[in-house]
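What follows is a single structure, written as structure tokens, with notes after it.
Bear in mind these aren't lab numbers, they're just calculated from the coordinates by the rules spelled out. Worth saying up front: this structure is predicted, and the values here are computed from it rather than measured. Glycine gets a Cβ as well: all are built from the backbone with ideal geometry, and neighbour counts include every protein chain shown.
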Amino acid sequence: MNFMNRNPVGGRPDTPPAYNTALTQHYVFLNPPLGYAYDALEPYIDELTMRLHRDRHLQTYVGNLNAALEKYPQYQDWTLEKLITDAESLPPELRVPVERNAGGVYNHIFYFQGIAPGGSNKPIGKTAEAIAAAFGGGDGFRARFKDAALSVFGSGYAWLALTPEHKAVIVTTANQQTPLIDGLIPLLNIDVWEHAYYLKHYNDRGAYIDDWQGVVNWNAVESRLPKLG
Ligand code: MN3
């Protein structure tokens, strides 16, 4: 399966395509390759967790989203972002499955593309500047982000995002909701559903968050910044 050729779409003009093309795809949605081997994040994130997470959990959201849109050709050219942000204008019977599953696809692709083998522990470039301004630097960010990720009750995500004024903020979302609906620009997320860490860390979410910090792909985060000025 060649994801890039099957569904050629342009990236948003303000974001380079390398990391973000999969987020602008539309029906028929595909599960993009990780871009690294399933075991490449060892010892931080284990191979079996990565296999199950992408091949089963994300695949289920992809399948459910395609099934939901199959009989609605008028929405089949909507991108993931449009399905999420304009869900209110969908027919009632389509709205809930789209909200859940488009969010599930978006959030997981965003998560998998936000980590990489050898990911450095340090924000770079404009990201580092925004983090320094908002949190006093990388250490302050890591502590605040961990607290936020720990605070998610049940299943959800913690996010680093930008406000429309381009101030860095940390927010959390429940289940498969995204900060897009609040007008924020997502930069980085951590999946804290138990399936993201249970095989290795059991119920110790904090240990998973610490490990995840070691594989954050700050180059990807930097590429998600809107072009300023
Ligand atoms: Mn997940």
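Using only C-alpha positions, report the orientation-averaged shadow area of the convex hull of the chain, nm², one decimal.
For the Cα atoms of the chain, the hull's average projected area reads 12.0 nm².
Of the GluC sites (Glu not before Pro) in segment 92-177, which ones lie in a loop per DSSP and count no more than 12 other C-beta atoms within 10 Å?
Glu165
Evaluate the charge dipole of segment 37-111 about its Cα centre and quote only its size in Debye, nearest 20, assuming +1 on the Cβ of each Lys and Arg and -1 on the Cβ of each Asp and Glu.
Computed about the Cα centre, the dipole is about 180 debye.
Mind checking the full-extension length gain between Ala67 and Ser89? Use 0.36 nm per residue of separation minus the Cα-Cα distance, one decimal, nm.
Length difference between fully extended and current span is 6.0 nm.
In what sequence do Val28, Val152 fall when counting other Cβ within 10 Å, fewest first?
Going from sparsest to densest Cβ surroundings: Val28, Val152.
Starting from segment 67-126, pick out the trypsin sites (Lys or Arg not before Pro) whose DSSP state is loop and whose Cβ has at most 10 other Cβ atoms within 10 Å.
Lys71
Taking θ as phi - 60°, what are the ³J(HN,Hα) couplings along segment 178-190 by the Karplus curve (6.51, -1.76, 1.60), each to the nearest whole Hz, with x for Gly and Pro?
Coupling constants for segment 178-190: 10, x, 4, 5, 9, x, 8, 9, x, 10, 7, 9, 10 Hz.
Relative to the longest principal axis of the C-alpha atoms of the chain, give the angle of the C-alpha long axis of helix 138-151, reported between 0 and 90° and rounded to the nearest 10°.
Compared with the principal axis, the helix lies near 50 degrees.
So what is the 222 nm mean residue ellipticity for the chain from helices alone, if each DSSP H run of at least 4 adds -39500 (n - 2.57) and you divide by all residues, rounding to the nearest 500 deg cm²/dmol?
After summing the helix terms and dividing by residue count, I get -12000 deg cm²/dmol.
What trypsin sites (Lys or Arg not before Pro) in segment 127-206 are in a loop by DSSP, with at most 13 other Cβ atoms within 10 Å of the Cβ?
Answer by residue number: Lys167.
5 Å is the cut-off here: which amide hydrogens, built 1.01 Å from N in the peptide plane, fall below it relative to Asp191, excluding neighbours closer than 5 in sequence?
Counting only residues 5 or more places away or on other chains, the set is empty.
Expected output is a single nm value to one decimal: the length gained when fully extending between Thr163 and Asn175, i.e. 0.36 nm times separation in residues minus the C-alpha distance. What is it?
Separation in residues times 0.36 nm, less the Cα-Cα distance, equals 2.2 nm.
Just to check I understand the Karplus step: with θ = phi - 60° and J = 6.51 cos²θ - 1.76 cosθ + 1.60, what whole-Hz values come out for segment 62-78, glycine and proline as x?
Coupling constants for segment 62-78: 4, x, 5, 5, 5, 5, 5, 8, 4, 9, 10, x, 5, 10, 7, 9, 6 Hz.
For the pair Ala207 and Glu129, how long in nm is the line joining their label points, each one 7 Å along Cα→Cβ?
4.0 nm
Stretch Leu52-Ser151 to full length: gain in nm at 0.36 nm per residue minus the Cα-Cα span?
Result for the pair: 33.2 nm of gain on full extension.
What FRET efficiency comes out for Asp77 versus Asn121 if R0 is 35 angstrom and r is the Cβ-Cβ distance? Round to the nearest 0.05.
About 0.30, to the nearest 0.05.
Given a 10 angstrom Cα cut-off, can you work out which residue in Tyr27, Tyr208, Tyr72 is the most mobile in a GNM of the chain?
Tyr72
What lysines sit close enough to Lys71 to cross-link, taking a C-alpha to C-alpha distance under 21 Å and skipping anything fewer than 8 places away on the same chain?
Qualifying lysines at Cα under 21 Å: Lys82.
Counting only pairs 8 or more residues apart or on different chains, how many lysine pairs in segment 100-229 have their Cα atoms under 25 Å apart?
10
Explain nothing, just the number: dipole magnitude of the chain about its Cα centre with +1 on each Lys and Arg Cβ and -1 on each Asp and Glu Cβ, in debye rounded to the nearest 20.
Computed about the Cα centre, the dipole is about 260 debye.
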